[in-house]
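> Before I ask anything, let me first share the structure, which is written out below as structure tokens.
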Amino acid sequence: MSLDGILMILWYAAKPWLWLIVLLILVLVASLWLGRQRQGKAHTLLWLIAIGAGLAGMIVAPWFTHSKLSYVATWPDRLVLLVIGIGITLYCWCLLKNWLRQP
């Protein structure tokens, strides 16, 4: 398979979710821009919220693909679910880090 074919498959896979990707990027940029004036150390609650959101995202992720959590049986499936959880955790951390700062 050529690189063009791979990119075309990735484009068709991402196309239905493009609106959500753009919305998440806009929310992240707005949060970083509006919270840039806050100074101080990040609150420890930040990591608990981010990890909780990541775990919730791991549980909800199969629903987005019209699947079930019980179908996650092989190691690649588990690895993808773990990467989804890590990605959601990092996104939430970046989103909230400026808002949950201690002076």
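No lab work stands behind these numbers, since they all come straight from the coordinates. Source: prediction; values computed, not measured. Counting neighbours? That spans all protein chains shown, and the Cβs are built from the backbone with ideal geometry, glycine included.
> For a quick check of your reading: which helices (runs of 4 or more DSSP H) sit entirely within the chain and have at least 2 residues that are of a type in the set (Ser, Thr, Tyr)?
Working: elements: 3-14, 18-34, 45-64, 75-96.
Result: 75-96.
> Determine which single condition Val22 fails, assuming it passes every other condition in (1) within 14 Å of the chain's Cα centre (by Cα); (2) surrounded by 11 or more Cβ atoms within 10 Å (Cβ to Cβ).
Condition not satisfied by Val22: (2).
> Look at segment 25-59 and say how many of its residues are closer than 19 Å to Leu100 by Cα and under 14 Å from the mean Cα position of the chain (by Cα). Write out each step before concluding.
Quick first cut of segment 25-59, residues closer than 19 Å to Leu100 by Cα only: 27-54.
Restricting the remaining residues to those that are under 14 Å from the mean Cα position of the chain (by Cα) gives 27-28, 49-54.
The number of residues fulfilling the criteria is 8.
> Identify the single condition in (1) without any contact (Cβ under 8 Å) to a residue 60 or more places away in the chain; (2) surrounded by 11 or more Cβ atoms within 10 Å (Cβ to Cβ) that Leu28 does not satisfy, given that it satisfies every other one.
Answer for Leu28: the failing condition is (1).
> State the number of residues belonging to segment 59-79 that are surrounded by 10 or more Cβ atoms within 10 Å (Cβ to Cβ) and β-branched (Val, Ile, Thr).
Residues meeting the conditions: 3.
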